[in-house]
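Asks: Here you go, one structure.
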Amino acid sequence: MILQDVVWGIAVTGIALVALIFVYIISQAGKPADEAATRKSAQTANTLRVWLFWILMAGFLGGSWATLHQFPVARQQGPLDAAQVVEVTGHMWYWDMQPASVKAGSAVAFRVTSADVNHGFALYSPDGHIVTQTQAMPGYTNTLLYTFATPGTYTVRCLEYCGIGHAPMRGTLEVTSPTGGQ
Ligand code: CUA
């Protein structure tokens, strides 16, 4: 089942639930009020709301932690602790990378800037999937940390429209095995 179908299913279920609640409220309208029962159901609703709040809170905090705690956001100031550093400069319309070869298995810090306009520095694996990216901005250096798991020839593409030569603005990064060679 594709994700769109799942989302659609959840939406339809939610709409049906809301409709059922409305039908229930309409069916209860006009009945004489039982004060004790009303008070009790108000208390129950309040308890459920408090529980729902804390369950949602735990879900959001847990979800945020699980998805973000390993997020590779590099420090922008201070010393670099990566053993390999690649200086990247975007130009209209080519990439200058020093060096253009790194080893797999240990962290690489890409220090990315631009000599002219904004470019988007994006690394693609040999099978064509994007692995990481950051902005290349004139006057700024963005540090991007990445550890390559697989050796191969990676392609650099530009993800920010930068003029007539934007589409063919490509580069190549060789990732060799940790023991040397391919
Ligand atoms: Cu450089 Cu688009």
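Asks: Under a Cβ-only charge scheme (Lys and Arg +1, Asp and Glu -1), can you give me the dipole magnitude of the range 1-153 about the Cα centre, in debye to the nearest 20?
Replies: 560 debye
Asks: Tell me the angle of helix 3-28 to the major Cα principal axis of the chain, expressed in degrees between 0 and 90 and rounded to the nearest ten.
Replies: Helix 3-28 sits at roughly 20 degrees to that axis.
Asks: Right, something else. For the chain, build the convex hull from the C-alpha positions and give me its volume per residue in Å³.
Replies: Here the figure is 222 Å³ per residue.
Asks: For the pair Ala37 and Leu68, how long in nm is the line joining their label points, each one 7 Å along Cα→Cβ?
Replies: With each label placed 7 Å out from Cα toward Cβ, I get 4.6 nm.
Asks: Could I ask something else about it? Looking only at the range 79-182, where both bridge partners belong to it, what percent of the DSSP beta bridges are antiparallel (to the nearest 5)?
Replies: The answer is about 70 percent antiparallel.
Asks: Scattering from the C-alpha atoms of the range 1-53 alone, worked out with Debye: what is log10 I(q)/I(0) at q = 0.18, 0.28 1/Å?
Replies: Ignoring solvent entirely, the Cα scatterers give -0.82, -1.04.
Asks: Can you give the calculated 222 nm mean residue ellipticity of the chain, where each DSSP H run of n ≥ 4 adds -39,500 (n - 2.57) and the sum is split over every residue, rounded to the nearest 500 deg cm²/dmol?
Replies: That comes out to -12000 deg cm²/dmol.
Asks: Here's another thing I want to ask about it. Picking from Gln135, Ser64, Leu20, whose Cα lies most toward the positive end of the charge dipole for the chain (charges on Cβ: Lys, Arg +1; Asp, Glu -1)?
Replies: Leu20
Asks: For the chain, take the longest principal axis of its alpha carbons; what is the angle in degrees between that and the long axis of helix 35-68, to the nearest 10 within 0 to 90?
Replies: 10 degrees
Asks: Can you find, among Gly90, Val50, Leu123, the residue sitting farthest towards the positive end of the charge dipole of the chain, where Lys and Arg contribute +1 and Asp and Glu -1 at Cβ?
Replies: Working it through, the farthest residue towards the positive pole turns out to be Val50.
Asks: Leaving ligands, DNA and RNA out of it, report the carbon-plus-sulfur percent of the accessible area of the chain at a 1.4 Å probe. Can you show the working numbers first?
Replies: Values: 8230 of 12530 Å².
Carbon-and-sulfur percentage of accessible area, whole number: 66.
Asks: Rounded to the nearest whole Å², what accessible area per residue is found for the range 36-169 with the 1.4 Å probe?
Replies: Averaged over the residues of the range 36-169, the accessible area is 63 Å².
Asks: Now a separate question. Please report, for the Cα atoms of the range 91-167, the Rg to one decimal and the Dmax as a whole number; what are they, in angstrom?
Replies: That works out to 12.3, 37 Å for Rg and Dmax.
Asks: Take every Cα pair under 8 Å in the range 1-144 that's 6+ residues apart, average their separations, divide by the length, and report that relative contact order as a whole percent.
Replies: The normalised contact order for the range 1-144 reaches 15 percent.
The values are calculated or read from the model by the stated rules, or taken from the named source; none is laboratory data. Keep in mind it's a predicted model, so treat the numbers as computed, not measured. Cβ: placed from backbone, ideal geometry, glycine included. Neighbour counts: every protein chain shown. Ligands, DNA and RNA are stripped out before the accessible areas are found, and what is left, the full protein with its side chains, is counted by its heavy atoms. Shrake-Rupley method; radii C 1.70, N 1.55, O 1.52, S 1.80 Å.
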